[in-house]
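FYI, it's all coordinate maths here, none of it is from the lab. Remember, it's a predicted structure, so these values are computed and weren't measured experimentally. Note: ideal-geometry Cβ built from the backbone for every residue, glycine included; neighbour counts use all protein chains shown.
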Amino acid sequence: MVDKKTRRIALGADHAGYQVKDRIKELLQKKGFEVLDFGTHSEESVDYPDYARLVAQSVANAESDRGILVCGTGLGMAIAANKTQGIRAATCNDTYTARMAAEHTDANVLCVGARVVDADHAAAIVEEWLKGKFGGGRHQRRIDKITELERPPALSRAK
Ligand code: RB5
């Protein structure tokens with residue numbers, strides 16, 4: 001059963017990932033989610049941080065409940081998305097990691113590599129992530145420590 005708090009999902013991809021992103025969009029719409037598609041929509045070369053930023057900000061601002069980003073590997077998207085405060089983006093190119101991303105790390109953005117997995121596998125990864133239920137408890141304590149890392153280090157006192 002998919003987490004009931006997730007209604008709207010933001011999607012983004014670069015040229016390497018847009019076809020898989022479109023497939024994921026189809027799957028999500030069939031399941032009744034509202035989708036915000038931030039592009040891209042063609043094979044024309046684009047820069048993945050531009051799409052990571054749009055999706056990460058949509059989630060961070062609570063315009064979307066979660067986000068999904070697709071590039072060639074899922075790596076650049078996650079690195080870029082994780083620069084936004086409040087974002088926990090996880091690259092998952094297998095279903096087990098996707099389930100753990102939800103259950104242990106409460107990842108609010110899923111990143112997939114379209115040059116690593118095919119569209120069917122990507123759809124299965126998304127389903128697994130959506131099915132996962134965050135475990136809380138010790139996992140919440142660890143996430144709180146991650147959130148602490150977002151705070152800038154205290155300035156050293158001037159002499
Ligand atoms: C684009 O060629 C490629 O670098 C990008 O899709 C992604 O894999 C980066 O992590």
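So what are the three principal axis dimensions of region 94-159 from its Cα atoms, in whole Å, longest to shortest?
The Cα atoms of region 94-159 stretch 61, 30, 13 Å along the principal axes, largest first.
Where does each of HIS15, HIS139 land when they are ranked from fewest to most other beta-carbon atoms within 10 angstrom? Working shown, then result.
Details: HIS15 18, HIS139 14.
By the 10 Å Cβ count, ascending, the order reads HIS139, HIS15.
Of ILE143, ILE24, how do they rank once you tally other Cβ atoms within 10 Å and put the fewest first? Don't jump to the answer; show the numbers that get you there.
Working: ILE143 17, ILE24 26.
Taking fewest neighbouring Cβ atoms as first place, the list is ILE143, ILE24.
How much length, in nm to one decimal, is gained on full extension between TYR96 and ASP144, taken as 0.36 nm per residue of separation minus their Cα-Cα distance? Don't skip to the end; give the middle numbers.
Details: separation 48, 0.36 × 48 = 17.28 nm, distance 2.33 nm.
Working it through step by step, the gained length comes to 14.9 nm.
Among ALA124, ALA62, ALA114, which one shows the biggest mean-square fluctuation in a GNM of the chain, springs joining Cα atoms closer than 10 Å?
Maximum among the listed residues: ALA62.
Compute the convex hull volume of the Cα atoms of the chain, divide it by the residue count, and report the result per residue in Å³ as a whole number. Intermediate values should be presented prior to the final figure.
Values: hull volume 18.6 nm³, N = 159.
Dividing the Cα hull volume of the chain by its residue count gives 117 Å³.
Please compute the length gained on full extension between LYS5 and GLN29, using 0.36 nm multiplied by the number of residues separating them and subtracting their Cα-Cα distance. Please report the intermediate quantities before stating the final value.
Values: separation 24, 0.36 × 24 = 8.64 nm, distance 1.60 nm.
Taking LYS5 through GLN29 to full extension adds about 7.0 nm, to one decimal.
If the only charges are +1 at each Lys and Arg Cβ and -1 at each Asp and Glu Cβ, what is the size of the charge dipole of region 58-159 around the Cα centre, to the nearest 20 debye? List each step's numbers first, then the result.
On the way: 14 positive and 12 negative charges, 149 e Å.
Approximately 720 debye in magnitude.
How large is the helix-only mean residue ellipticity at 222 nm for the chain, computed as the sum of -39500 (n - 2.57) over DSSP H runs with n ≥ 4, divided by its residue count, in deg cm²/dmol to the nearest 500? Each step should come with its number before you reach the end.
On the way: 6 runs with 66 residues, N = 159.
About -12500 deg cm²/dmol.
Which one of LEU28, ALA78, ILE143 has its Cα pushed farthest toward the positive end of the charge dipole of the chain, where Lys and Arg give +1 and Asp and Glu give -1 at the Cβ?
So the residue furthest toward the plus end is ILE143.
Starting from a Cα-only point model with no solvent, please compute log10 I(q)/I(0) by Debye for region 68-117 at q = 0.30 1/Å.
Scattering profile of region 68-117, log10 relative to I(0): -1.11.
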